[in-house]
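The values are calculated or read from the model by the stated rules, or taken from the named source; none is laboratory data. Computed from a prediction, not measured in an experiment: that's the story for all the values here. Please note: Cβ atoms are built from the backbone with ideal geometry, for glycine as well, and neighbour counts cover all protein chains shown.
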Amino acid sequence: MSRLTLPPSQDIAREGAFRLWGDVAEPVALTVADLRGGWAQHRAAVTFDCATAGPQHHVFSGPLLREVVSLARPGFDPARRKERSRYLLAVSGGDGHHTVLSWAEVDPDFGDAPVLLATRMDGVDLDAAGTQLVIPTDRCGARYVSAVTGIWVGTCAP
Ligand SMILES: Nc1nc2c(c(=O)[nH]1)N[C@H]1C(S)=C(S)[C@@H](COP(=O)(O)O)O[C@H]1N2
Ligand SMILES: [Mo]
């Protein structure tokens, strides 16, 4: 898998790439092609409700979010559950829509949600559009952020 240096944000948008950054040992920029190359691809046939458009059905495939984020080596000791439970993931789209997940939602010792970063939707490759966050356990569509340009990893101390 190629590891790019961090390009300026206009290049991220043009290449369909996103930055994985924050409290991580190895910030990285990844394209949709990178997501296809390094990890097992999972399939998810989902239905979610949109507040304005009603129920939506899509079939996505892509790697697990937790495996991709682990590439950047988040700043927790992987052996310590309490440390892992403090971390947040903020996922941003190029249009400014952004949402958060907790690391614990996707961690196998906690919520174990099969959250994906899609490389393909309904038979169409997402290389040009950029990856899309897929949260099969969500009832509504608001967190299915499309055209992802950034994933920030970190903690929020009270
Ligand atoms: N980047 C981005 N992603 C987004 C949104 C958005 O405004 N911007 N809207 C969300 C909402 S509210 C819904 S319901 C779904 C709609 O997905 P669809 O139009 O592909 O069915 O996208 C989600 N992803
Ligand atoms: Mo929506």
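Which of the residues belonging to the range 121-137 are in contact with a strand residue (DSSP E or B) (Cβ under 9 Å, 6 or more places away or on another chain) and surrounded by fewer than 19 Cβ atoms within 10 Å (Cβ to Cβ)?
Asp122, Gly123, Ala129, Pro136
So, of the residues in the range 25-52 that are among the β-branched types (Val, Ile, Thr) and more than 16 Å from ligand 1 (Cβ to nearest atom), which turns out to be nearest to Arg14 (Cα to Cα)?
Thr31
Listed here are the residues, each with its yes/no results for (1) within 15 Å of the chain's Cα centre (by Cα); (2) modelled with pLDDT of 95 or more; (3) surrounded by 13 or more Cβ atoms within 10 Å (Cβ to Cβ).
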position: Leu20; (1), (2), (3): yes, yes, yes
position: Glu26; (1), (2), (3): no, yes, no
position: Thr31; (1), (2), (3): yes, yes, yes
position: Gly38; (1), (2), (3): yes, no, yes
position: His57; (1), (2), (3): no, yes, no
position: Leu88; (1), (2), (3): yes, yes, yes
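I need a count of the residues in the range 35-54 that are in contact with a Ser or Thr (Cβ under 6 Å, 6 or more places away or on another chain) and without any contact (Cβ under 8 Å) to a residue 60 or more places away in the chain.
The number of residues fulfilling the criteria is 1.
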